[in-house]
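Chemist: Supplied in structure tokens, the structure appears directly below.
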Amino acid sequence: MKCRAAVLRGVGKDWEVREVDLDPPRNGEVLVRMAVAGICHSDDHLFTGDVVPTPEVLAASGLPAPDWFPLLGGHEGAGVVEEIGPSVTTVQPGDHVAMSFIPACGNCRFCVNGQSYICDAGASLFVKEMPTDGTCRRHLGDENLLAYGQLGTFAEYAVLSERSVIKIDDAIPFHAASLVSCAVSTGWGSATVSAGTEPGDTVVVIGTGGVGMNALQGARAAGATYIVGVDPIESKRDSAKIFGATHTVASAEEAIPLVQNITAGAMADRVVLTPGVLHVDLIPLAMTLLRKGGTCVATGITPFSEPLVPLVLQEMVLSAKQLKGVLYGGMNPRTSVPMLLSMYRAGVVKLDELVTRHYTLDEINKAFVDLREGRNIRGIIDFARL
């Protein structure tokens, strides 16, 4: 079938809305009609090249240069199952589903250990071939397309592995399901599961965009006493108070004396790094904000062009500080998605308030400009908008 989709041809190039060809779903696959797709900074890292390995990184790793482009973007989304292939058992046509860019096979050592966010199937997230049978379903003329995260939600339709969709209740709004598929789970889990926030803690969240706002919500739900939201954009600092921040400042440097004051010098129990781009010079500031025995969680993406991280290792050892890298907030999508949506329906988690602007697919480049310039908490592509 043919459908319209946003395609990226290379670093620094604008998104192009093109007509692409999708093959029918095969064994273990589903065809989904997209309803909503989230505009996440992870997709913009492709445009900026932050996630594209430099020649130095490739030489050090021994890996071949990635064959990513042309690329079908989008990894946050929700929609309706239109068709299923043979052996699909968890969904049927008409079901509403959320996407998960973290597939879960259920069988590898990580899945059975409760770490499906690093499932072995994740090795297929940046290849053009489907994880089901190793062949491609998406095409632009005579070129095969990689779908970001094996999803490609910037398209009217998507052919996906059954492992990449999670059935949701029909009463859940598509925008809420879309947000929970990535930003909400990642932020919430970073502050709760990965950082281990406990009642009475002081938590600092650096970067209050689509992920950081949910780290604030998670810290509040976990019972933190003081929650400091750090962001250079005033409107985001104002919004941070809605999502749980007790204090806000414009920079990590400004946060240091504030945290010293509110903790009587003990410093923060947890620091969560969720900026749109995690530059390495932020790491020593985050560690300065951390108390002895505290945990700093790195959720944001650092460009490959900044491989060296300045750390005082004696301080980490002698003060028993932890710096942790986190994917998907350390949460498991098949449990986090229904849990957070249930909390949303109960009024415990704010999702509607995260959506700042709606866009059509044709407005995708404007949506990313708005993201880079800090105008949105979360923008979404609404496929029902004309």
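Chemist: Restricted to region 9-29, and to residues that are out of contact with any helix residue (DSSP H, G or I) (no Cβ under 6 Å at 6 or more places or on another chain) and of a type in the set (A, V, I, L, M), which residue is nearest to residue 378 (Cα to Cα)?
Modeler: Restricting to residues being out of contact with any helix residue (DSSP H, G or I) (no Cβ under 6 Å at 6 or more places or on another chain) and of a type in the set (A, V, I, L, M), the top hit is 11.
Chemist: Here's another thing I want to ask about it. Among what's in region 108-162 and is acidic (Asp, Glu) and part of a helix (DSSP H, G or I), pick the residue that is farthest from residue 35 (Cα to Cα).
Modeler: 120
Chemist: Right, here's the next one. Of the residues 138, 109, which single one is over 21 Å from residue 22 (Cβ atoms), over 17 Å from the mean Cα position of the chain (by Cα) and among the basic types (Lys, Arg)?
Modeler: Every option except 109 fails the conditions.
Chemist: Quick check: anything in region 107-121 in contact with a strand residue (DSSP E or B) (Cβ under 9 Å, 6 or more places away or on another chain) and either surrounded by 20 or more Cβ atoms within 10 Å (Cβ to Cβ) or hydroxyl-bearing (Ser, Thr, Tyr) (or both)?
Modeler: Within region 107-121, one or more residues are in contact with a strand residue (DSSP E or B) (Cβ under 9 Å, 6 or more places away or on another chain) and either surrounded by 20 or more Cβ atoms within 10 Å (Cβ to Cβ) or hydroxyl-bearing (Ser, Thr, Tyr) (or both).
Chemist: Going by what's in this entry, would residue 184 be described as under 22 Å from residue 39 (Cα atoms) and surrounded by 24 or more Cβ atoms within 10 Å (Cβ to Cβ)?
Modeler: The answer is yes for residue 184.
Chemist: Give 313, 308 a once-over and let me know the one that is without any contact (Cβ under 8 Å) to a residue 24 or more places away in the chain and more than 30 Å from residue 78 (Cα to Cα).
Modeler: 313
Chemist: Among the residues of region 300-307, is there at least one that is on the phi < 0 side of the Ramachandran plot, touching a Gly at 6+ places or on another chain (Cβ under 7 Å) and either surrounded by 15 or more Cβ atoms within 10 Å (Cβ to Cβ) or assigned to a helix (DSSP H, G or I) (or both)?
Modeler: Looking through region 300-307, at least one residue is on the phi < 0 side of the Ramachandran plot, touching a Gly at 6+ places or on another chain (Cβ under 7 Å) and either surrounded by 15 or more Cβ atoms within 10 Å (Cβ to Cβ) or assigned to a helix (DSSP H, G or I) (or both).
Chemist: Of all residues in region 321-346, count the ones that are assigned to a loop (DSSP other than H, G, I, E, B), free of Cβ contacts under 8 Å to residues at least 24 places away in the same chain and either under 17 Å from the mean Cα position of the chain (by Cα) or assigned by TED's automatic domain parsing to the domain that holds residue 236 (or both).
Modeler: Number satisfying all stated conditions: 0.
Chemist: Would you please name the residue that is modelled with the highest pLDDT, looking only at residues in region 40-64 that are among the hydrophobic types (A, V, I, L, M, F, W, C) and exposed (fewer than 11 other Cβ atoms within 10 Å of the Cβ)?
Modeler: Restricting to residues being among the hydrophobic types (A, V, I, L, M, F, W, C) and exposed (fewer than 11 other Cβ atoms within 10 Å of the Cβ), the top hit is 59.
Chemist: Go through 266, 320, 346 for me and flag whichever is loosely packed, with under 13 Cβ neighbours inside 10 Å, more than 19 Å from residue 209 (Cβ to Cβ) and in contact with a strand residue (DSSP E or B) (Cβ under 6 Å, 6 or more places away or on another chain).
Modeler: 320
The values are calculated or read from the model by the stated rules, or taken from the named source; none is laboratory data. Keep in mind that this is a model prediction, so the values were computed, not measured. We place every Cβ from the backbone using ideal geometry, glycine too, and count neighbours over all the protein chains shown.
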